[in-house]
Amino acid sequence: MRAFISSVYLFLYAPIALVVLFSFNAGRNASEFTGFSTAWYGKALGNTFLVSALQNSLMIAFTSATLAAIFGTMAALGMERLAPRNRAIFDALFAAAIVVPGVVIGIATLVALVAVFSFVNPALASIWPGEQPPQLGLGYGSIIAAHGLFSMALVTMIVKARIASLGRDIVEASSDLYATPLTTFRLIVLPQILPSILAGFLLAFTFSFDDFIIAFFVAGSKTTLPIYVFASIRRGVTPEINAIATLVLVASLLLILTARILMREKKTKSGE
Amino acid sequence: MTAATNTKRNLVTAALVAPAAAWLMIFLVLPFIAMLVFAFGERAPEGGYQAAFTFAQFANLPTRAAAFWNTLVLAPVGALACLLIAYPVAYYLAVKANPRYRLILVSLVVVPFWTSLLVRTYAWMYILGSRGIPNLLSMIGIEDVRMLNTPGAVLLGIVYGYLPLMIMPIYVSLEKLDRRLLEASADLGAKPVSTFFGVTLPLSLPGVMTGVALVTILLLGEYLIPQLLGGGKVFFIGNALVDLFLQSRNWPFGSAIAVTLVAVVVVILMVAMRIAFRVAGTRQVDLV
């Protein structure tokens, strides 16, 4: 059994390791390691298209994850105060946001936005006083909106689980001691759910940073890092892509490990 | 509680859930309605959508039968392949592994799931491509082996990509398992094998169902793996959808396919939930 388990871990990590290894290859050949070099990293980071795609991805991931962390936490706090029937509606919608395949979310968002724009843009043009009426279109906003949907569901799920494990007694003790609900929230509830909010933020960031398929549909003329990488891969496998891939791997690795440590802390603290 | 504080409480609750509710309405419910409307429309001559009410798009579905066939065969086969590998791993992690290393070992399973699927699939393009394994084989005299752009490559990519997602729910259900039941079974003279099939396996079935349902559903919408490892020869519904929306711009037909896909997803979810609930009442999924 040991041997089997070890080979599964090898299976999970060897391909990634190979990508990383060959990003340091001096030569172009993918099957022969001809010497250590960081030249491909220099080449990748000197590529202006790549750097601007990376900036777009970071901006989109940060914005959608921040919105998701705020609104998702608010939803998690609000949902436990809702009547059971309304809470069930929220639960179902959040579950749908998580479980519906990304390709469908991308298509549905694309179709709806294009339909809305086809009404709104002529209307804006007719009432706009100036010469150049603003044109709504696909772009950063639509990617942030579509990523925010999944991310918000994710944050809500994580924070709700944390709230459920909180003791009610400490909140009641606080209000018995004449703390206002806001003070209780600030001093008692928030510090206890903060790690899970942060973990949710990091996972949402990771999701958005790595997502290809949703952005592919709703990005319009904008390029995110995964869209850029996908286009490069179709032009051919090069060590430069390995270098970019390695950077992406390292970034998501750091994010997910931090998220896990934050979530673990909560578990040991509550003594589970 | 007075009426005034009650109203205030309701207002606070409404304010808390309002942004998420608006987001869900505008970016989930409305898009699904739009997609449904499009599915009954017609393709405009220049591409895109033209208002109409017709079932023509749905009648047209058989023209994409190959994509449905590939997806509906390879998704469950891929999920089962994941299950066969995932179950022993989850069992080892939950029951056999040294508790001191358990968290690290579990983390090592979860981490790949949260790293870019694009990069992980690219790794296999690299390995199976002409300069990878086939090149190594040609060095020992086995020439002209094609690995990339075959159904086998797609299946391998599927197992690689979704194995972590299968391991996690099974691990969670096995970890929750009450050890005393296993001891009781042994004390009553059951052999390890019959304890496994009589106690452990049935009690872990909710986790198995969750894993199989999750992986199957996500695979039904998969695009990257068949695109990169199947090279246009093994295409899924997801590939047909990208083609219809971004290349041939037949949005109504694409919407009809997407609506059908969602219907299949809903059916699978309902069946999986029913089975999982019959076995034990749990709906908890640990993704992290």
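What follows is calculated from the coordinates using simple rules that are stated; it is not laboratory data. Computed from a predicted model, the values in this text were never measured in an experiment. Please note: Cβ atoms are built from the backbone with ideal geometry, for glycine as well, and neighbour counts cover all protein chains shown.
Can you give the calculated 222 nm mean residue ellipticity of chain B, where each DSSP H run of n ≥ 4 adds -39,500 (n - 2.57) and the sum is split over every residue, rounded to the nearest 500 deg cm²/dmol?
The helix contribution divided over chain B gives -22000 deg cm²/dmol.
What's the tally of Lys pairs in the protein assembly as shown whose alpha-carbon atoms lie under 25 angstrom apart, where the two lysines are 8 or more places apart or on different chains?
13
In square nanometres, what is the average projected area of the Cα convex hull of region B:1-57? Don't jump to the answer; show the numbers that get you there.
Details: hull surface 24.5 nm².
Averaging across all directions leaves 6.1 nm² for the Cα convex hull.
What does the net charge come to around B:ALA240 if you take all other residues with beta carbon closer than 13 Å to its beta carbon, with K and R at +1 and D and E at -1?
Its environment carries a net charge of -1.
Which of the GluC sites (Glu not before Pro) found in region B:136-242 are loop residues per DSSP with 16 or fewer other Cβ atoms within 10 Å of their Cβ?
B:GLU143
What are the extents of the Cα atoms of region A:49-269 along their three principal axes, listed from largest to smallest and rounded to whole Å?
Sorted from largest, the Cα extents of region A:49-269 read 62, 52, 31 Å.
Taking amide H positions as placed in the peptide plane 1.01 Å from N, state which residues far from B:TYR49 in sequence (5 or more) or on other chains have amide H under 5 Å from it.
B:ALA44
Under the definition of Cα pairs under 8 Å and six or more residues apart, what whole-number percent is the relative contact order of chain A?
Values: 279 pairs, mean separation 85.7, N = 272.
Taking the mean separation of contacting Cα pairs over the length of chain A, I get 32 percent.
Tell me, in nm to one decimal, what length is gained between B:ASP178 and B:VAL271 on full extension, where the rule is 0.36 nm per residue of separation less the Cα-Cα distance?
30.8 nm
Within chain B, what is the longest stretch that has no chymotrypsin sites (Phe, Trp or Tyr not before Pro) placed in a DSSP loop and near at most 13 other beta-carbon atoms within 10 Å?
B:56-288
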